[in-house]
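*Asks:* The following block contains the structure, expressed as structure tokens.
Values quoted throughout were computed directly from the atomic coordinates according to the rules given, and no laboratory measurement underlies them. Everything quoted here is computed from the prediction, not taken from an experiment. Here Cβ is always computed from backbone atoms with ideal geometry, including for glycine, and neighbour counts include all displayed protein chains.
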Amino acid sequence: MQWVDTVIQGVLLGGLYALFATGLSLIFGVMRLVNIAHGDLIVVASFAALAVAEGFGMHPLITLLAVVPLMFGLGYVLQRGILNLTLGKDILPPLLVTFGLSIIIQNGLLEVFTADSQKLKAGAIETMSLQIFGGISVGVLPVITFVAAVLVIAGLQLLFFRTMLGSAFRATSDDPDTARLMGIDNRHVFALAMAVSLAVVALAGVLLGVRTNFDPSIGPGRLLYAFEAVIIGGLGSLWGTLAGGVILGVAQSIGARIDPGLQILAGHIAFLIILIVRPRGLFPRAVD
Amino acid sequence: MKYRVTTATRTSRVAGLVTLAVLVFVALAPQWGTRADLRLIVEFCYFLALAQMWNLLAGYAGLVSVGQQAFVGLGGYGLFVFTIYLGVSPLMAMLLSGIAAAIFALPTAFVVFRLRGAYFAIGTWVVAEVYRLSFAQVSALGGGSGKSLPISVIRSIADSRAEREVLIFYVGLAVAVFATGIVYWILRSRHGLALTAIRDSEPASESLGVNNFNAKLVIYVIAAAVTGFVGALIFIQKLRISPDAAFALTDWTAYVIFIVVIGGIGRIEGPIIGTIVFFVLQEFLAELGTWYLMILGIMAVVIMLKAPQGLWGLVADRFGIQFFPVQRRLHVEATRDKEA
Amino acid sequence: MTRLRQGSGGQALLEITGLTAFYGDFQALFGIDFRVEAGETVAIIGSNGAGKTTFLRSITGMIANDRDSIRWDGAPIGDLPANRIVAQGIAMVPEGRRLFPSLTVEENLRIGAYARSGEWTVERVIDLFPFIAERRRAPATALSGGQQQMVAIGRALMSNPRLLLCDEISLGLAPTIIKSIYDALPRICEGGTTLLIVEQDIRQAMQMSDRVYCLQEGRVTLEGRPADLTHDQIREAYFGM
């Protein structure tokens, strides 16, 4: 029964990883951009929530009302102002520019918030739990996180497949030149994609901050989890990304159960095994 | 029509002489320099060697790795394993550490070569993390808190502290020269042409029969070997190792990437210029702490956006100079044969 | 099929003067002068590499031009980016059809109306090409070449263009399919859309146009009404001999 518990906790942890990964998967899908600063932007959202929560005495989950629009705007400006300049045939500029941004963000956060470990204090909800079967209980927050991940991905599926903007995302991803002939301004569409990506990142950052301690140095680790979930799930598939997050969460949870020092290592090793066995991930997109 | 293919230029011959003079001057540093000078030069040398290797991977073979700290760490730990547990002499242990890093590069490549482009980059990073977390589990090597090199091993490098420092100095100088030399040699060989073809167009070079996978693998393994040797050098100077120091992304990859980008990616001179800029900036800005890293990052971002050929590229393109000519020049001596 | 030129004395719908175009150091167009009147059907012929596609890319803003080299309804539009051209009422059916593979047939049509819409709707396009009714949900890649070409035309029409540019719409298609596509064009014109057609098949171009331009090595070598042009004139303009 303990193992069942371990797996269930891992699945719920996977919800958080899926939230980390969704934004990364989305921008790769739309513009083939791999944002190395993605993890650091998650931490930016956590600190933004901290600042808002402490500044206005708000509950951390209420700060979402401010942090999500803030990150949405940041994403638009970041893409329009900097990252659009890096897109092209050469993979080096986007990679190195986002890598540079990652270092800039980490050190900027250090400068403003110091290296101290922080946490978003959510009060009673942090310790609330639900009894399910066989004496296993699950935390309310992890459940909320998992449900949020499912809702976000369902929402993005609707956005992608039921709206004109979604068609524009997919058309631009297929063939940016022809998309322009349709009157689609690629720079604007890419900026909107990054804005949506960072809106999801905002949610991920707040839920991360409520769940665990964070400090300016943890961004790269979150990037790696996000990246692993995306690759495990298969590039460009949002539901695959959720599956990838869950597999990573379960692997980490099992690793931690064996030895707390093995948690992260177990996740990485699960990723590498899947990479060797199924290089294109579990649910690769049909059209590539 | 007669054709002649050359790579040397007049500037390159002058540059050769200048380089030689600088090298001789630096090699005499134990005569004119303080201990701090020697230490600084060794640091300069290992950053230069790391930068040359990263540039070889990213600038020429299209392998943008963010995980080269894996090989620095493996080399560093190799030094400790070979000297402490296998009783190998320190110098021999450094060589063996380089070889060990190259051997580890093979299974690493088996995994990360499945990923393309940016995903390759993050994949190499994951593997480096796996190595870091794995070494943290090895209690014989001090686990997460690390291990110091025992006095007996330190003594076996050389008897006096001064002798040790001079020896390490020459090893450092040698590896910097070797790293630059091997990149030059690879680029001037047929292999180099194949690499440039891969970088410029992967599908096109495949259609020309260039075996990308093998060419890339060879480069990856060479870079791992040299990087591993440098790792051993770094930790014979530091005398203490821990997983976080050995597999540090910031120190062994971020700095190195900034050096190459600022100096000029895809050019042999780039890492040299970049390392000089890096040390000059460090001299003036190091006390700014986090601001120093932010300034480096901003410089790299701005250069990547506005002058992707780097500082050396700006100079070289304006004046048409190359210190280490690797481009082949085709001289056509028209002999006014019949019309085509 | 030929109709009278309308309002030839007034302002041209599209007027191009001294248009040049470069790919890096390579000059592809050398001072093209060109005009299209509203309601006309104009064809451009020329061999491979004559600059036909480059010319269309210039009009659609895919290649940057001097502001004044292209005038639309009298207003300079030469420096507008591609994504703002379609809103002006100029739509393009690109060479090779270029449907979006991730989009269904219907989504491909609807994205045509992204920046501008009007009388043309999905239903009206289906009326023009009835096969689409049964394939609305199909991925664009599941269609035959001829069907894809029809969807590409429909997609361009969805922006309700005043000028429709068709780049080699017969390329690689069977003669019967080409015929059914060309048979549909007059119905497009009825709605007031002016046509500019690039065609390698000279006979087809002459048959359906009011006026024809011939390009050769980036220059206009011939212009006139098909009825006024002789075989020799065309051969010389086309091949340069």
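*Asks:* Roughly how many whole Å is it from the C-alpha centroid of segment B:124-140 to that of segment A:1-55?
*Replies:* Computed from Cα coordinates, the inter-centre distance equals 23 Å.
*Asks:* If you don't mind, there's one more thing I want to ask. Going by amide H atoms built from the backbone, whose H comes under 5 Å of the H on B:V66, apart from near neighbours?
*Replies:* Excluding prolines and chain starts, which carry no amide H, the hits are B:T124, B:W125.
*Asks:* Based on other C-beta atoms within 10 Å, arrange A:S173, B:S156 from fewest to most.
*Replies:* B:S156, A:S173
*Asks:* Still on this structure, please answer the following. Can you give the FRET efficiency to the nearest 0.05 for A:M164 and B:L285, using r as the Cβ-Cβ distance and R₀ = 41 Å?
*Replies:* With R0 = 41 Å, the Cβ-Cβ based efficiency is 0.25.
*Asks:* Among A:F190, A:S46, A:G219, whose Cα sits farthest toward the positive end of the charge dipole of segment A:7-277 (+1 at Cβ of Lys/Arg, -1 at Cβ of Asp/Glu, about the Cα centre)?
*Replies:* A:F190
*Asks:* List every residue whose amide H lies under 5 Å from the amide H of C:T221, counting only residues 5 or more places away in sequence or on a different chain, with H placed 1.01 Å from N in the peptide plane.
*Replies:* C:C214, C:L215, C:Q216
*Asks:* Moving on. With each label point set 7 Å from Cα along the Cα-Cβ vector, what nm distance links A:S137 and A:D90?
*Replies:* It works out to 5.8 nm between the two label points.
*Asks:* Going by alpha carbons, how many degrees (0 to 90, nearest 10) lie between the helix axis of A:164-174 and the longest principal axis of chain A?
*Replies:* For helix A:164-174, the angle is close to 70 degrees.
*Asks:* Running a GNM on chain C with Cα contacts under 10 Å, which residue among C:I169, C:I44, C:I32 ends up with the highest mean-square fluctuation?
*Replies:* Looking only at C:I169, C:I44, C:I32, the largest GNM fluctuation is found for C:I32.
*Asks:* Ok, one more. Pick from C:R162, C:R137, C:R35: which residue has the top mean-square fluctuation in a GNM of chain C where Cα pairs under 10 Å get a spring?
*Replies:* C:R137
*Asks:* May I ask which residue of C:G39, C:L13, C:A50 lies farthest towards the positive end of the charge dipole of the protein assembly as shown, with charges of +1 (Lys, Arg) and -1 (Asp, Glu) on Cβ and the Cα centre as origin?
*Replies:* In the protein assembly as shown, that residue is C:A50.
*Asks:* Residue farthest toward the positive end of the dipole of chain B, with Cβ of Lys/Arg at +1 and Asp/Glu at -1: which of B:I236, B:A215, B:P271?
*Replies:* Positive-most Cα among the choices belongs to B:A215.
*Asks:* Build a GNM of chain A with springs between Cα atoms under 10 Å: which of A:L262, A:L26, A:L83 gets the top mean-square fluctuation?
*Replies:* Between A:L262, A:L26, A:L83, it is A:L262 that shows the largest mean-square fluctuation.
*Asks:* Using the Karplus curve 6.51 cos²θ - 1.76 cosθ + 1.60 with θ = phi - 60°, work out ³J(HN,Hα) for each residue of segment C:88-93 in order, rounded to whole Hz, and write x for Gly and Pro.
*Replies:* After applying 6.51 cos²θ - 1.76 cosθ + 1.60, I find 6, x, 10, 10, 10, 9 Hz.
*Asks:* From the backbone phi of segment C:75-82, what are the Karplus-calculated ³J(HN,Hα) couplings (6.51 cos²θ - 1.76 cosθ + 1.60, θ = phi - 60°) in whole Hz, Gly and Pro given as x?
*Replies:* Rounded to whole hertz, the list is 9, x, 10, x, 9, 6, x, 3.
*Asks:* Return the calculated 222 nm mean residue ellipticity for the protein assembly as shown, to the nearest 500 deg cm²/dmol, obtained by summing -39500 (n - 2.57) across DSSP H runs with n ≥ 4 and dividing by the residue count.
*Replies:* -19000 deg cm²/dmol
*Asks:* Taking only C-alpha pairs under 8 Å that are 6+ residues apart, what is the relative contact order of chain B in percent?
*Replies:* 34 percent
*Asks:* Give the order of A:M31, B:M53 when sorted by the count of other beta carbons within 10 angstrom, beginning with the fewest.
*Replies:* A:M31, B:M53
*Asks:* State, to one decimal in nm, how far the label point of A:M58 lies from the label point of A:I258, with both points 7 Å from Cα in the Cβ direction.
*Replies:* Output for this residue pair reads 4.3 nm.
*Asks:* Sorting B:F120, B:F178 on the 10 Å Cβ count, fewest up front, what's the list?
*Replies:* In increasing order of surrounding Cβ atoms, one gets B:F178, B:F120.
*Asks:* What is the spin-label model distance, in nm, from B:R240 to B:S139 if the labels are put 7 Å beyond Cα along the C-beta direction?
*Replies:* So the two model labels end up 2.2 nm from each other.
*Asks:* Could you give the distance between the Cα centres of segment B:256-271 and segment A:212-288, to the whole Å?
*Replies:* Comparing the Cα centres of segment B:256-271 and segment A:212-288, I get a distance of 32 Å.
*Asks:* About the Cα centre, and with charges only on the beta carbon of Lys, Arg (+1) and Asp, Glu (-1), how big is the dipole of the protein assembly as shown? Nearest 20 debye, please.
*Replies:* 1120 debye
*Asks:* Given axes a ≥ b ≥ c from the Cα gyration tensor, I'd like to know whether segment A:1-123 is rounded (a/c under 1.5), prolate (a/b larger than b/c) or oblate.
*Replies:* Oblate, because a/c is 1.5 or more while a/b does not exceed b/c.
*Asks:* Tell me, in nm to one decimal, what length is gained between B:Y170 and B:L20 on full extension, where the rule is 0.36 nm per residue of separation less the Cα-Cα distance?
*Replies:* Difference between extended and current length: 52.4 nm.
*Asks:* Starting from the amide H of C:L171, placed 1.01 Å from N in the peptide plane, find each other amide H under 5 Å away whose residue is 5 or more places distant or on another chain.
*Replies:* Residues meeting the amide H criterion: none.
*Asks:* A further question on this structure: Among all stretches of chain B without exposed trypsin sites (Lys or Arg not before Pro) (DSSP loop, at most 10 other Cβ atoms within 10 Å), which one is longest?
*Replies:* Excluding the exposed sites themselves, the longest stretch runs over B:1-335.
*Asks:* Determine ³J(HN,Hα), in whole Hz, for all residues of segment C:37-46 in sequence, where each value follows from phi through the Karplus function 6.51 cos²θ - 1.76 cosθ + 1.60 and θ = phi - 60°; x replaces Gly and Pro.
*Replies:* Per residue, the Karplus-derived 3J(HN,Hα) values read 8, 4, x, 6, 10, 10, 10, 10, 10, x Hz.
*Asks:* Given +1 on the Cβ of Lys and Arg, -1 on the Cβ of Asp and Glu, and no further charges, what dipole in debye does chain A carry about its Cα centre, rounded to the nearest 20?
*Replies:* 460 debye
*Asks:* Could I ask something else about it? Along the Cα-to-C-beta direction of C:L171, a point sits 7 Å from the Cα; which residues of segment A:142-179 have their amide N less than 12 Å from that point?
*Replies:* none
*Asks:* Mind running the shape call on segment A:7-277? Use the C-alpha gyration tensor, a ≥ b ≥ c as the square roots of the eigenvalues: rounded below 1.5 for a/c, prolate if a/b tops b/c, oblate otherwise.
*Replies:* Cα axes put segment A:7-277 in the prolate bin.
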